[in-house]
Amino acid sequence: MIHSLKVESVELSFGEKKVLSDIFIKCSTHEIIGLLGRNGQGKTCLIKVILGNLRANNSFISFDETKVVNSLKYPNLIRYLPQFNFIPANLKLKTVFEDFGMDYEDFTMKFPEFEMNQTSRVGYLSGGQRRILEIYIISKSATRFALLDEPFTHLNPLQIEKIKDFLIEEKSNKGIIITDHMYQHILDISNITYLLKDGKTHLIKTELDLDRLGYINLAWYHL
Amino acid sequence: MKTFRIIFRFYINVFLANLLVTFSCLGLLKFYGLKSHKILSALVWYKLITIALILYLCFHYKMKELYYYQNLGITKTALIIYWTVFDLSLFFLLFIPTYCYL
């Protein structure tokens, strides 16, 4: 079954400063939506508004055309990977998998480097391993949508490629919204990409659009 | 049941601090003996204020981990309510008999 998440009419301001004003994002099952934007353009704020952790002046967040105010209350609808490590370091890996109702075997089949780690504590994993674990937990668990905030941080190029393949595979079960500064990876795997600039979402087709909107400077790359 | 287990795991982080506060209240009750009725309300307020303070500090230092619980459908409000109810129940469970048998 195809599900949809719509984010519309988001208006957010802090005092006089308008952060978000004209936002439209639609994500459906089988889709990866990329969200790019310079630092301070409101990407994380927008994510928090979608989750209901930040109250906007105005917003309309709907799942399958039904308005949902505090979506993170419903983990079967949406789960969120923050840009920092969020799994408590003192937990054992097997406890984490039990909490999320997931199978550790499936995980090790995909990422064999974790085979011996089932009884290890999360805090003993390397930065990259910890990030892989978190991405896997959020993206693979039973939810309709996964929101990934800077998932590629701490990952080496090989791990990034593996995660990209995993996300492409996983979109067959859910919709994924992903934001990161590694725009080439985002463009590679996204069905639709938006750039957040001046509080508005701009549809991106190619790198040229990113250059035109001042997110990258292609001239530097071709020097 | 699973939700309770997860909430309890969060609570265990501060269980010792809360237990020490409870024991300090019981110690003061014993210390004041028959005159302890004069400090009853002060002890209850002391307990309530320390609960709030420990909660604040815990949420401040474990802010990032709150997303773990939120991703499992356990909101911050739920954590506060369960934590407070459990801690106050334990407090009164120990406090009332201690006061009655002074």
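Please tell me if A:GLN129 is in a helix (DSSP H, G or I), of a type outside the set (Phe, Trp, Tyr) and either in contact (Cβ under 8 Å) with a residue 12 or more places away in the chain or in contact with a strand residue (DSSP E or B) (Cβ under 7 Å, 6 or more places away or on another chain) (or both). Taking the combined requirement at face value, the residue satisfies it.
Is it true that some residue in region A:49-58 is in contact with a Ser or Thr (Cβ under 7 Å, 6 or more places away or on another chain), under 22 Å from B:LYS64 (Cβ atoms) and small (Gly, Ala, Ser)? The answer is yes; a qualifying residue exists.
Against the definition (modelled with pLDDT of 95 or more, surrounded by 15 or more Cβ atoms within 10 Å (Cβ to Cβ), within 28 Å of A:PRO75 (Cα to Cα) and more than 15 Å from the chain's Cα centre (by Cα)), how does A:LYS162 come out, yes or no? Criteria met by A:LYS162. The criterion of at least 1 residues that are within 16 Å of A:ILE135 (Cα to Cα) is met, among strands (runs of 3 or more DSSP E) falling completely within region A:158-223, by A:175-179. Restricting attention to region A:97-124, and to residues there that are within 27 Å of A:MET182 (Cα to Cα) and in contact (Cβ under 8 Å) with a residue 24 or more places away in the chain, which single residue is surrounded by the fewest Cβ atoms within 10 Å (Cβ to Cβ)? Of everything passing the filter in region A:97-124, A:GLY123 is surrounded by the fewest Cβ atoms within 10 Å (Cβ to Cβ). For chain B, the helices (runs of 4 or more DSSP H) that sit wholly inside it and include 1 or more residues that are more than 14 Å from chain A (Cβ to nearest Cβ), of a type in the set (Phe, Trp, Tyr) and touching a Lys or Arg at 6+ places or on another chain (Cβ under 6 Å) are B:76-100.
Contact map, region B:75-102: residues that are without any contact (Cβ under 8 Å) to a residue 12 or more places away in the chain and more than 25 Å from B:SER36 (Cα to Cα) paired with residues that are surrounded by 14 or more Cβ atoms within 10 Å (Cβ to Cβ) and of a type in the set (A, V, I, L, M), Cβ distance under 8 Å, separation 6+ or inter-chain. Pairs shown: B:THR75/A:LEU72.
For A:ASP211, the criteria (1) within 20 Å of A:SER21 (Cβ to Cβ); (2) in contact with a helix residue (DSSP H, G or I) (Cβ under 9 Å, 6 or more places away or on another chain); (3) at pLDDT below 95 hold in every case but one, which is (1). Tell me yes or no: at least one residue of region A:132-148 is away from every other protein chain (no Cβ under 14 Å), at pLDDT 95 or above and within 21 Å of the chain's Cα centre (by Cα). The answer is yes; a qualifying residue exists.
Restricting attention to region A:28-44, the residues being surrounded by fewer than 20 Cβ atoms within 10 Å (Cβ to Cβ) and either more than 29 Å from A:ARG212 (Cα to Cα) or not polar (S, T, N, Q) (or both) number 5.
The number of residues in region B:1-25 being under 14 Å from the mean Cα position of the chain (by Cα) and not aromatic (Phe, Trp, Tyr) comes to 13. Taking region A:64-82, which residues are out of contact with any helix residue (DSSP H, G or I) (no Cβ under 7 Å at 6 or more places or on another chain) and not aromatic (Phe, Trp, Tyr)? The answer is A:ASP64, A:GLU65, A:THR66, A:LYS67, A:VAL68, A:VAL69, A:ASN70, A:LYS73, A:ASN76. Sub-9 Å Cβ pairs linking a first residue in region B:25-40 that is closer than 11 Å to B:TYR99 by Cα to a second residue that is of a type in the set (Gly, Ala, Ser) and part of a helix (DSSP H, G or I), at least 6 apart or interchain, are B:LEU28/B:SER36; B:LEU28/B:ALA42; B:LEU29/B:SER36; B:LYS30/B:SER36, ordered by first then second residue. The residues of region A:132-157 that are within 21 Å of A:ASN90 (Cβ to Cβ) and assigned to a loop (DSSP other than H, G, I, E, B), listed by number, are A:SER141, A:HIS154. Against the list (1) closer than 24 Å to A:GLU170 by Cα; (2) of a type outside the set (Phe, Trp, Tyr); (3) within 14 Å of chain B (Cβ to nearest Cβ); (4) crowded, with 19+ Cβ neighbours inside 10 Å, the condition A:ILE25 fails is (3).
Candidates B:TYR99, B:TYR46, B:TYR32: the one that is surrounded by 12 or more Cβ atoms within 10 Å (Cβ to Cβ), at pLDDT 90 or above and of a type in the set (Phe, Trp, Tyr) is B:TYR46.
The values are calculated or read from the model by the stated rules, or taken from the named source; none is laboratory data. Quick caveat: nothing in here was measured; it's all calculated off a predicted structure. Cβ: placed from backbone, ideal geometry, glycine included. Neighbour counts: every protein chain shown.
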